[in-house]
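Trainee: Starting off with a structure, shown below.
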Amino acid sequence: MIRKYIPLMAALVLAFSCNPTTEPTVQDTLTVSPASLSFEAEDASVKLVYVTTAGDWSASLSANWMHLEKSSGTGKGTLALKVDANTGEDRTGTLTVKGASTATVSVTQKGKNIVQIVPVADAFDGTKRASTTYQLLIYSFADSDGDGIGDFKGIQDRLGYLDGLGVTALWLSPAHPTSSYHAYDVDDYSTVNPLYGTEQDFKNLIDAAHGKGIKIYMDYVLNHSGRNNAWFQQALADPASPYREYYVFSDDPESDVRAGKIDNYGGASSPGMGSWHQVASGSAGYAGRLHFVLNSTAKTITVTETTAPADTPLATADWYIYNNDFQGMKKTADGMYEITLDMNNDWGFLVCSKKDWSSGSKYGASSSAGNIQFGVPFSLYTNANNDAVGNIRFGGTSTSYFASFDASMPDLNYGKYAQASESPAFQAIAATADRWITDFGVDGFRLDAVLWIYQAQVKANQAFLSQWYDHCNATWHAAGHADDIFMVGEAWEGHDTEKQYYKGLTSCFEFEYFDVLARAVNGNASSYVSSVNRFISDHTGQRPDAVTSFHMTNHDQNRAAESFGRDAAKEKQAAAMILTTPGKPFIYQGEELGYYGKKDNGDEYVRTPILWDKAGTQCAKKGVNNKVDTGMLKAEISVESQTADAGSLLNVYKTWSRLRNTYPALAEGTMTDAGLSGGSSVAAWYMTSGSQKMLVIHNVASSEKSVTVKDNLSKPVALLGSATLDHDVLTLGARSSVVFLL
């Protein structure tokens, strides 16, 4: 019998031995053994009762669900008692035996006491506790003026949606002027991108968000600026400019690195990532006819000016001159190749061993080579990956600048890391951060690419980040805040390296978390609790005020839904799991709608705009250069459709986020393993804060699983999927999750 109600019925189960090792000795007085029998709910087996007396005896039953093999006998004998399977409530009966005296045997049988779990959560009191952050791309979240690009007013108009998701903070993509759609090449740290609105629009957004209990975190790019930043342009234009000190310049990078003059290498002998780029000053190219002689054995190229007729390049050759196209050279002797060409470009040329850009096929200038001189053999430089192979230049400066990513994003120079806060670049950018905190009310920062500020040198980056955090935190306190500012770093590295960055910051993204979550949701949750607790304890081991930031994926990764095989049930359970896990959870724009996508055709395909309505009229597609997967952005994935569907992924996020905001134990509690024996298919843990304790159980299997639970489960507060309770046995349906308030 299945009943739908919340209070759970307790069944007193009496266990007795039914098979004594020796039969009772015969006595004159009637005796029976044992004095009681206990049956399980569906137990229809036979149990024996031993009778001893000197005379005749008879037996009778009090209920028709019990049956006797015989009802009378003489002297010593046995009674075989059988019961029917019980599909109702617990029941009791009596076996009475009469002879010289009367004896009774009590009979009990458990009922099939299945309780259908029906959750009833406490009313949300309006106080947000969850510290859940929503990562939002300004350019593709919401467009308010119809130009196809997301903006500040669009976000403000959708604060109700974000509030309904229960988020307590927004991480905004870079809000500054930029030369790209993604905005990580900052042109001016001191103001906002006019495509997104005015500074007043930004201030209005912050004020409105605060009115709904939502904080604003700005994305700050400290490793590099954009090439079109006024600081860099002035540094390029004038070698004597004070802004040269803001960036990493060198006339001889190889020598300067050996001499320890490149401060932002943090003491390393080579960069962890990136390359040097020559500064274009004067003409690096040539206009006229030139004769090229390649010695492929010595790996030198000699160039002379000539008036001889130009050659017709070979379509297929061993070696090519590349000057906007591959020009095949003629072999003139062993290891010697020549060609006469008309040149007309402003960048120079390269030598190639393949008519493509295969690894190791490009030959050019090293970072310290300088310009080629007519008639003088020029040593060619190459490497296995074609990295840092520069153009062979005819003129212009040999000065280069360093960039960890690409030439459009030159690295900022903070000088020696122990005194980074004294550098002009640090002070200039810190002044802009001060303004956003003091004048606009920004609540914190997400720091981009912190590994590369000092080229993956942990000690150097720790020192820099500590100085940055201390500066911003002092500004935060001066603005009247009693708590500390929130700041999270993108230290995209394995856990053992990432955890060390907590020496400089109170929070970093735990990039290994999603591997643990995906493994669990895909069927193996055996290490989920221990892994989460290891992440957190390793962080607090670095500093007691550490905040572990957990996320599934972000704007630089393939969508989480791809790891779940685009399986809606898995996506829902992933949401339930991250929202019942300690730490600070982050939700990435579109994750709550089931967005999928890979970076194969460009990052835009994992930065898809929100589809607000079924018709698709409210979608900031231009913000991602109209690079969207129209096969995904259909009516059923829209906010409008999912809001109306009670079982949608969006509504799962809303329900479980509200749960996290309602119960302090889920929002800020500590996690301990519940020790339930469900194998790798069940993850179960307690969340405890003060006197409040909750039991969280997730069945990640594609079939139902049962666990024996000793806690009082009378207060279920959340359920994804299905669950029933039969006495102390909890059965969860496939991919089901449940939370109990204990």
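Rule-based calculations on the coordinates, nothing more; no lab input. Note that the structure is a prediction, hence the values are computed from the model and not measured. Neighbour counts run over all protein chains shown; Cβ positions are idealised from the backbone, glycine included.
Trainee: Could you work out the mean projected area of the convex hull around the alpha carbons of the chain, in square nanometres to one decimal?
Mentor: Reported value for the Cα convex hull: 44.8 nm².
Trainee: Turning to a different aspect of this structure: Residue farthest toward the positive end of the dipole of the chain, with Cβ of Lys/Arg at +1 and Asp/Glu at -1: which of Val115, Tyr286, Ile214?
Mentor: Val115
Trainee: Among Ser358, Ser702, Gly267, which residue has its Cα positioned farthest towards the positive end of the charge dipole of the chain, with +1 placed on the Cβ of Lys and Arg, -1 on the Cβ of Asp and Glu, and the dipole taken about the Cα centre?
Mentor: Checked the options; the winner is Ser702.
Trainee: Percent relative contact order of the chain, based on C-alpha pairs within less than 8 angstrom and at least six residues apart?
Mentor: RCO, the chain: 12 percent.
Trainee: Moving to a separate point now. Rounded to the nearest 20 debye, what is the charge dipole size of the chain about its Cα centre when +1 sits on each Lys and Arg Cβ and -1 on each Asp and Glu Cβ?
Mentor: 2000 debye
Trainee: Let me ask something else. What do you get for Rg/Rh over segment 433-526 if you use C-alpha atoms and the Kirkwood form of Rh?
Mentor: That ratio equals 1.08.
Trainee: On to the next question. How do Glu245, Glu510, Glu422 line up, fewest other C-beta atoms within 10 Å first?
Mentor: Glu422, Glu245, Glu510
Trainee: Shifting gears a bit: Please enumerate, by chain and number, the aspartates and glutamates with C-alpha under 13 Å from the C-alpha of Lys459, excluding those fewer than 8 residues away in the same chain.
Mentor: Answer for Lys459, where 13 Å is the Cα cut-off: Glu498, listed by chain and number.
Trainee: Using only alpha-carbon positions, what ratio does the radius of gyration of segment 572-656 give when scaled by 2.2 N^0.38 Å?
Mentor: On the way: Rg = 13.6 Å, N = 85, 2.2 N^0.38 = 11.9 Å.
Scaled against compact globular proteins, the figure is 1.14.
Trainee: For segment 669-741, give the magnitude of the charge dipole about the Cα centre (Cβ charges: +1 Lys/Arg, -1 Asp/Glu; no others), in debye to the nearest 20.
Mentor: Working: 5 positive and 5 negative charges, 29 e Å.
Charge dipole of segment 669-741: 140 debye, to the nearest 20.
Trainee: With the alpha-carbon atoms as the only input, what is the per residue convex hull volume for segment 32-118 in Å³?
Mentor: 75 Å³
Trainee: Using the Kirkwood radius over C-alpha pairs as Rh, can you work out the diffusion coefficient of segment 298-388 via Stokes-Einstein at 37 °C, viscosity 0.692 mPa s, in µm² per second?
Mentor: Numbers: Rh = 13.8 Å.
Rounded to a whole number, D works out at 238 µm²/s.
Trainee: Report, ordered by chain and residue number, the lysines lying within cross-link reach of Lys354, taken as a straight Cα distance under 28 Å and ignoring same-chain residues fewer than 8 apart.
Mentor: Reachable lysines: Lys299, Lys330, Lys331, Lys362.
Trainee: Among DSSP bridges having both ends in the chain, what percentage is antiparallel? Round to the nearest 5.
Mentor: 75 percent
Trainee: Return one quarter of the surface area of the convex hull spanned by the alpha-carbon atoms of segment 653-742, equal to its mean projected area, in nm².
Mentor: 5.5 nm²
Trainee: How long are the semi-axes of the ellipsoid equivalent to segment 589-742, from square roots of 5 times the Cα gyration tensor eigenvalues, in whole Å, largest first?
Mentor: The equivalent ellipsoid of segment 589-742 has semi-axes of 37, 16, 15 Å.
Trainee: Right, something else. So how long is each side of segment 259-354 along the principal axes, counting just the alpha-carbon atoms, biggest first, in Å?
Mentor: Taking the Cα atoms of segment 259-354, the three principal extents are 52, 32, 22 Å.
Trainee: Right, next: Looking only at Cα atoms, what is the convex hull volume of segment 338-399 per residue, in Å³? Walk me through the numbers on the way to the answer.
Mentor: Numbers: hull volume 6.4 nm³, N = 62.
Expressed per residue, the convex hull around the Cα atoms of segment 338-399 is 104 Å³.
Trainee: Now a separate question. Mind checking which lysines have their C-alpha under 28 Å from Lys70, skipping anything on the same chain fewer than 8 residues away?
Mentor: Here the lysines satisfying the reach criterion relative to Lys70 are Lys47, Lys82, Lys98, Lys110.
Trainee: Could you work out the relative contact order of segment 669-741, using alpha carbon pairs under 8 angstrom and six or more residues apart, expressed as a whole percent?
Mentor: Relative contact order, segment 669-741: 30 percent.
Trainee: Over segment 71-226, how many percent of alpha carbon pairs lie in each 5 Å bin up to the one with the longest distance?
Mentor: 2, 7, 13, 13, 9, 7, 4, 3, 3, 3, 3, 3, 4, 4, 5, 4, 4, 4, 3, 2, 1, 0
Trainee: Another question about this same structure. Per residue of the chain, what 222 nm ellipticity follows from adding -39500 (n - 2.57) for every DSSP H run with n ≥ 4, rounded to the nearest 500?
Mentor: Working: 16 runs with 144 residues, N = 742.
Helices in the chain give a 222 nm mean residue ellipticity of -5500 deg cm²/dmol.
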